[in-house]
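A.B. asks: Have a look at the structure that comes next, please.
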Amino acid sequence: MTEINELNTKELTTWCPGCGNHLILAALKKAVSKMNLNPSEVAVVSGIGCSSGLPHWIETYGFHSIHGRAVPVATGVKLANHNLNVFVVSGDGDGYGIGLNHLIHAMRRNLDITFLGHDNQIYGLTLGQTSPTSEQGAKTVSTPNGSIELPINPIALGLASGATFIARAFAGNTEQLADLIVKGTQHEGFALIDILQPCVTLNKVNTFEFFQKRVYDLQSEKHDTSNFSAAFLKSFEWNPRIPTGIFYQTKRDTYTEDLPQLKEKSLVKQQQELKSVDINSLLEKYK
Ligand SMILES: Cc1ncc(C[n+]2csc(CCOP(=O)(O)OP(=O)(O)O)c2C)c(N)n1
Ligand SMILES: [Mg+2]
């Protein structure tokens, strides 16, 4: 079994004490260890934000990319070597705002990756602006009189866009989160895991206590994860009870499965063989 401490890096995180991101990192390490994945079989790709610093603090392959572009980079990684377990780490601003179009297209393609949406309902790194998942009425530095916009609903969006594994977790319940990460990784297809992640410094409404009072586990109630309509209805439940767990799971061909170029072996393996092919005569032709 991969030991959790093998996944520790020497660097200290830059997150605030008490931030939900510490728990998500711990759950991810736990999940990788539970699945007994060698660190070289895992790639963690992030965008920009407090949450997106995460690849620095897990000893796997990592790519800290640019704002909103974690999904395209992860797509490239997965297409180059589809044997890797690819995780995207993205904040609510990064993934559900500036990078939202990429997320939607990856979901409709059923790209076989696991998306961890660190959803603190605020722009953390830039010190507290309203984000796409901030609640209507949220008072922040950018909406001092309260946000007038409806928030994005990541679960309903995932369902509408064709993701094949859709779940919500609460950072305060690391056991459940680690279990969902394992299930999402083992699922063949796009796994969207929206993670309620309290920002203890900038979001004084959606706190650990706020979620602790409201969250419940769909799997402890009679929720049928194969029922799309039931999942859609559940995705709109928020107050006073917030559902967590798997909303919906289904089977559909993945993007890499359907690409004939990748049927035999991964592109990196093909690339190694190509090294011995002389392309000079081909280049001559186009001179
Ligand atoms: C193209 C571009 N636009 C804006 C920014 C400024 N910026 C950096 S992080 C961020 C939002 C971070 O919020 P979120 O994705 O929710 O992550 P969190 O910090 O909350 O984890 C913004 C707007 C940027 N770095 N690049
Ligand atoms: Mg955020």
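The values are calculated or read from the model by the stated rules, or taken from the named source; none is laboratory data. From a predicted model like this one, the values you see are computed outputs, not experimental measurements. Please note: Cβ atoms are built from the backbone with ideal geometry, for glycine as well, and neighbour counts cover all protein chains shown. To get the accessible areas, we keep the full protein, side chains included, count just its heavy atoms, and leave off ligands, DNA and RNA. Shrake-Rupley method; radii C 1.70, N 1.55, O 1.52, S 1.80 Å.
A.B. asks: Contact order normalised by length for the chain, with contacts defined as Cα pairs under 8 Å and 6 or more residues apart; what percent is it?
C.D. replies: Relative contact order for the chain comes out at 17 percent.
A.B. asks: Cα-Cα pairs above 12 Å in region 1-40: how many percent?
C.D. replies: 59
A.B. asks: If you don't mind, another one. Taking a 32 Å limit on the Cα-Cα distance, which of the listed pairs LYS263/LYS285; LYS10/LYS234; LYS30/LYS234; LYS34/LYS204; LYS183/LYS213; LYS10/LYS222 fall beyond it?
C.D. replies: LYS10/LYS234; LYS34/LYS204; LYS10/LYS222
A.B. asks: Another question, then. Share of the chain's accessible area from carbon and sulfur, percent, 1.4 Å?
C.D. replies: 56
A.B. asks: Multiplying the sequence separation of LEU283 and GLN136 by 0.36 nm and subtracting their Cα-Cα distance, what value in nm do you get?
C.D. replies: Value of the extension gain: 47.1 nm.
A.B. asks: Also, I was wondering about something else. Exposed loop chymotrypsin sites (Phe, Trp or Tyr not before Pro) only (DSSP loop, at most 14 other Cβ atoms within 10 Å): please give the longest stretch of the chain free of them, not including the sites.
C.D. replies: Counting only loop sites that pass the neighbour cut-off, the longest clear stretch is 1-235.
A.B. asks: Multiply the residue separation of LEU259 and PHE63 by 0.36 nm, subtract the distance between their alpha-carbon atoms, and state the gained length in nm to one decimal.
C.D. replies: 68.1 nm
A.B. asks: What FRET efficiency, computed as 1/(1 + (r/R0)^6) with R0 = 22 Å and r the Cβ-Cβ distance, is obtained for THR9 and ASN36, rounded to the nearest 0.05?
C.D. replies: The calculated FRET efficiency here is 0.65.
A.B. asks: Quick one: which residues, 5+ away or cross-chain, put their amide H under 5 Å from the amide H of TYR216? H built at 1.01 Å from N.
C.D. replies: ILE242, THR244
A.B. asks: Evaluate E = 1/(1 + (r/R0)^6) for THR207 and HIS56, where r is the Cβ-Cβ distance and R0 equals 25 Å; express this FRET efficiency to the nearest 0.05.
C.D. replies: 0.45
A.B. asks: With bins 5 Å wide starting at 0, give me the P(r) of region 133-287 over every alpha carbon pair, in whole percents.
C.D. replies: Spelled out per bin, shortest first, that is 2, 8, 13, 15, 14, 11, 8, 7, 5, 5, 4, 4, 3, 1.
A.B. asks: Here is a follow-up. Nearest 0.05, what FRET efficiency do ALA26 and LEU127 give at R0 = 22 Å with Cβ-Cβ as r?
C.D. replies: 0.30
A.B. asks: A follow-up question, please. Can you tell which of LYS275, LYS34, LYS263 shows the greatest fluctuation in a Gaussian network model of the chain with Cα springs below 10 Å?
C.D. replies: Judging by the Gaussian network model, the answer is LYS275.
A.B. asks: Next question. Using all C-alpha to C-alpha distances in the chain, build P(r) with 5 Å bins and read off the rounded percent in each one.
C.D. replies: 1, 6, 12, 16, 19, 17, 12, 7, 4, 3, 2, 1, 1, 0
A.B. asks: Would you mind working out the accessible area per residue for the chain, using a 1.4 Å probe, and quoting it in Å²?
C.D. replies: Here the residues of the chain average 49 Å² of exposed surface.
A.B. asks: How large is the charge dipole for region 4-255, taken about the Cα centre, if only the Cβ atoms of Lys, Arg (+1) and Asp, Glu (-1) carry charge, to the nearest 20 debye?
C.D. replies: 160
A.B. asks: Please compute the contact order of region 27-139 in relative form: average sequence separation of alpha-carbon pairs under 8 Å and at least six residues apart, divided by the residue count, as a percent.
C.D. replies: Relative contact order of region 27-139: 24 percent.
A.B. asks: Measuring from centroid to centroid over Cα atoms, what is the spacing of region 60-89 and region 116-158 in Å?
C.D. replies: 25
A.B. asks: By Kyte-Doolittle mean hydropathy of at least -0.5 and Cα axial length of at least 27 Å, which whole DSSP H helices of the chain are selected?
C.D. replies: Counting only whole DSSP H runs, no helix qualifies.
A.B. asks: PHE228 to ARG252: extension gain in nm, 0.36 nm per residue of separation minus the Cα-Cα distance?
C.D. replies: Full-extension gain reported as 7.2 nm.
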